[in-house]
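Accompanying notes for the structure given below.
The values are calculated or read from the model by the stated rules, or taken from the named source; none is laboratory data. Keep in mind that this is a model prediction, so the values were computed, not measured. Glycine gets a Cβ as well: all are built from the backbone with ideal geometry, and neighbour counts include every protein chain shown.
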Amino acid sequence: MSATWREHLVPDGNGRMRISKHGSMLTDAVLITDSEHLSKHSDDRSPEQLCNTAEIPGIVGNAWAMADWHFGYGFPIGGVVATDIESNELGGAISPGGVGFDINCGVRLCSLDIELSQIDTKVLAKSLAQQIPAGASSKGGVILNETKMDSILSEGAEAAIDIGWGETQDLASIESNGRLEPDEWNIGERAQKRGMKALGTLGSGNHFLELQVVDRIEDKEAAAAYGIREGQITTMIHTGSRGLGHQVCSDHVSYIESKYRKKGLKWVSNDWGYSLSDRQLASAPIFSKEGQAYLDAMRAAGNYAFANRSALTQRLRNVLRKNLRIDGTLEVVYDVSHNIAKVEDHVVHGKSCKCCVHRKGATRALGGDHPELATKFSGVGQPVLVPGDMGTASWILAGPKSGANDAFSSSCHGAGRQLSRTAARNKVDSIKLRNRLENAGIHVHAKTPNILSEEAPEAYKDVDEVIRLTNESGLARPVARLRPIAVIKG
């Protein structure tokens with residue numbers, strides 16, 4: 001299949017290209033791209049991965065890759081695949097590789113009732129760097145006992161609020177109100193141990209806390225509903241479930257992959273009769289013992305991530321209250337997940353389907369009439385948060401004003417890498433990059449020496465182009481562009 005996907009590639013309307021079903025694919029695959037965007041990808045592995053995802057048992061609709069697609073574990077980052085959970089007695093498949101190792105990695109956007117002229121950005125950035133725990137370790141995190149950990153795993157953001165790490169009014173502005181619903185929240189001892197000291201920490205890699213200024217408003221109606229105005233200061237928090245989520249994924253990937261054996265060019269599970277081209281796509285029927293165990297543990301880890309972003313928001317509030325001599329009231333605009341699998345109702349080829357939607361590096365983009373959304377988003381659509389790179393911009397998009405887009409109500413989640421971490425380290429000098437950003441008025445604090453090179457603007461796609469394609473393809477529309485002024489990284 002790897003040599004043939006381009007032979008089956010055809011234009012599919014504005015901002016879309018379709019890879020027709022071939023080989024072992026059960027459905028077509030759709031890339032959010034155009035010929036110009038596609039020509040910039042020298043690495044063919046991501047579309048190959050997308051074609052492989054179209055083999056997952058029980059798949060319905062198309063396999064999708066959002067405009068920020070790039071190579072990942074099993075699934076491409078930016079991949080969206082839905083399976084019919086009622087397709088047979090055990091239901092369609094669920095794949096840990098379709099969620100990723102940082103379960104419920106996501107983005108929270110907060111607005112402040114202040115403008116750039118009212119703050120000393122350099123002083124505030126320094127204070128944030130001192131007070132926001134960042135880096136690969138869990139140093140500085142909230143210490144949880146077993147009782148508090150159980151509450152976090154079962155109740156998510158609300159449990160964080162109960163122990164003083166969040167505020168109740170935030171819940172209405174969090175996806176799923178900050179709580180997934182595990183049955184037993186049964187995760188391994190090692191995963192729990194990794195989470196007991198890490199709550200309220202950013203982590204490393206591409207995670208960050210960023211101060212921004214609203215650079216441009218594209219949709220005045222949606223911006224007003226979101227409480228966003230030009231010149232306003234916002235803060236974006238990007239992190240997930242830390243070591244706890246990584247351990248949960250590792251445990252279940254290892255166990256489910258052990259059910260597969262190589263037969264010719266395929267990986268086959270005799271237990272379920274599954275046959276896949278890539279072992280990293282190892283899947284289990286959603287109602288099998290293995291599928292249910294993963295789904296439950298994933299939801300518990302997802303709750304930890306919601307609680308983690310809540311705790312970081314409270315740390316941010318504490319810094320603002322201490323440092324600002326003016327009213328710096330902070331409101332949560334929205335909090336979205338982008339590494340998660342959710343059971344949702346969709347219409348596929350004119351028929352209702354209860355689907356398990358895998359979003360790996362993709363976010364929901366619900367319509368303004370969706371019952372899960374708060375009333376303030378009615379007729380406007382869900383806020384879709386798209387971090388870019390620390391030297392350019394991030395974006396707020398909106399889901400449809402009503403109804404759903406045809407990508408299972410999904411949209412892009414970021415700019416998307418175009419250089420590997422190794423290639424970026426080889427190409428970019430961290431010291432020169434820091435000076436360049438400072439000269440552009442962007443104050444950067446990073447705990448890890450190599451992280452600036454790895455996360456350099458040139459390591460990422462042009463976020464404005466990603467937004468253009470997302471808009472042209474009808475998945476989500478632009479609302480506001482946010483320019484970075486200070487960045488805290490691990």
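Considering only residues that are within 25 Å of residue 274 (Cβ to Cβ) and outside any loop (DSSP other than H, G, I, E, B), which ones fall in segment 11-30? Matches in segment 11-30: 19, 29, 30. Go through segment 123-160 and give me each residue that's in a helix (DSSP H, G or I), touching a His at 6+ places or on another chain (Cβ under 8 Å) and closer than 18 Å to residue 240 by Cα. If the condition is that a residue be in a helix (DSSP H, G or I), touching a His at 6+ places or on another chain (Cβ under 8 Å) and closer than 18 Å to residue 240 by Cα, then no residue fits. Taken over segment 373-407, the criterion of being acidic (Asp, Glu) and modelled with pLDDT under 95 is satisfied by 389 alone.
May I ask you to verify whether residue 214 is modelled with pLDDT of 95 or more, touching a His at 6+ places or on another chain (Cβ under 7 Å) and closer than 30 Å to residue 467 by Cα? So residue 214 fails the test. Among the residues of segment 178-209, those identified as outside any loop (DSSP other than H, G, I, E, B) and in contact (Cβ under 8 Å) with a residue 40 or more places away in the chain are 178, 190, 191, 192, 194, 195, 199, 208, 209.
Each residue in segment 391-417 was checked for being of a type outside the set (Lys, Arg), over 23 Å from residue 221 (Cβ atoms) and within 17 Å of the chain's Cα centre (by Cα), and 6 of them qualify.
Those helices (runs of 4 or more DSSP H) of segment 381-490 in which at least 2 residues are free of Cβ contacts under 8 Å to residues at least 12 places away in the same chain and polar (S, T, N, Q), considering only elements entirely within it, cover 421-427, 430-439. Go through 141, 156 for me and flag whichever is at positive phi, in contact (Cβ under 8 Å) with a residue 24 or more places away in the chain and touching a helix residue (DSSP H, G or I) at 6+ places or on another chain (Cβ under 9 Å). Among 141, 156, only 156 is at positive phi, in contact (Cβ under 8 Å) with a residue 24 or more places away in the chain and touching a helix residue (DSSP H, G or I) at 6+ places or on another chain (Cβ under 9 Å). When you scan segment 96-114, do you find a residue that is within 26 Å of residue 237 (Cα to Cα) and without any contact (Cβ under 8 Å) to a residue 24 or more places away in the chain, even just one? Taking every residue of segment 96-114 in turn, none turns out to be within 26 Å of residue 237 (Cα to Cα) and without any contact (Cβ under 8 Å) to a residue 24 or more places away in the chain.
Residues that are modelled with pLDDT of 90 or more and surrounded by 17 or more Cβ atoms within 10 Å (Cβ to Cβ) within segment 435-452 comprise 437, 442, 443, 444, 445, listed in sequence order.
Quick check: anything in segment 255-267 in contact (Cβ under 8 Å) with a residue 60 or more places away in the chain and in a helix (DSSP H, G or I)? The answer is yes; a qualifying residue exists.
One residue is enough: does segment 346-365 have a residue meeting the conditions touching a Cys at 6+ places or on another chain (Cβ under 6 Å) and not acidic (Asp, Glu)? Yes: one or more hits.
The condition of being of a type outside the set (Ser, Thr, Tyr), at pLDDT below 95 and closer than 19 Å to residue 25 by Cβ holds for only one of 72, 61, 78, that being 72. The set of residues in segment 385-397 that are within 19 Å of residue 337 (Cα to Cα) and out of contact with any Phe, Trp or Tyr (no Cβ under 8 Å at 6 or more places or on another chain) comprises 394, 395, 397. Report yes if residue 79 is under 30 Å from residue 312 (Cβ atoms), in contact (Cβ under 8 Å) with a residue 12 or more places away in the chain and not in a loop (DSSP other than H, G, I, E, B), otherwise no. Here the answer is yes, as residue 79 does meet what is asked. Within the option set 251, 215, being outside any strand (DSSP E or B), of a type outside the set (A, V, I, L, M) and touching a residue at least 24 places away in the same chain (Cβ under 8 Å) holds for one residue only, 251. Residues in segment 36-76 that are surrounded by fewer than 20 Cβ atoms within 10 Å (Cβ to Cβ) and hydrophobic (A, V, I, L, M, F, W, C) were compared, and the one that is nearest to residue 93 (Cα to Cα) is 71. Quick check: is even one residue across segment 263-271 surrounded by 19 or more Cβ atoms within 10 Å (Cβ to Cβ) and more than 19 Å from the chain's Cα centre (by Cα)? Among the residues of segment 263-271, at least one is surrounded by 19 or more Cβ atoms within 10 Å (Cβ to Cβ) and more than 19 Å from the chain's Cα centre (by Cα), which makes the answer yes.
Scanning segment 334-360 for residues that are surrounded by fewer than 20 Cβ atoms within 10 Å (Cβ to Cβ) and in contact with a Ser or Thr (Cβ under 6 Å, 6 or more places away or on another chain) gives no hits.
Which one of these is farther than 25 Å from residue 295 by Cα, surrounded by 24 or more Cβ atoms within 10 Å (Cβ to Cβ) and either at pLDDT 95 or above or not charged (D, E, K, R) (or both): 160, 222?
Going through 160, 222 in turn, the sole match is 222.
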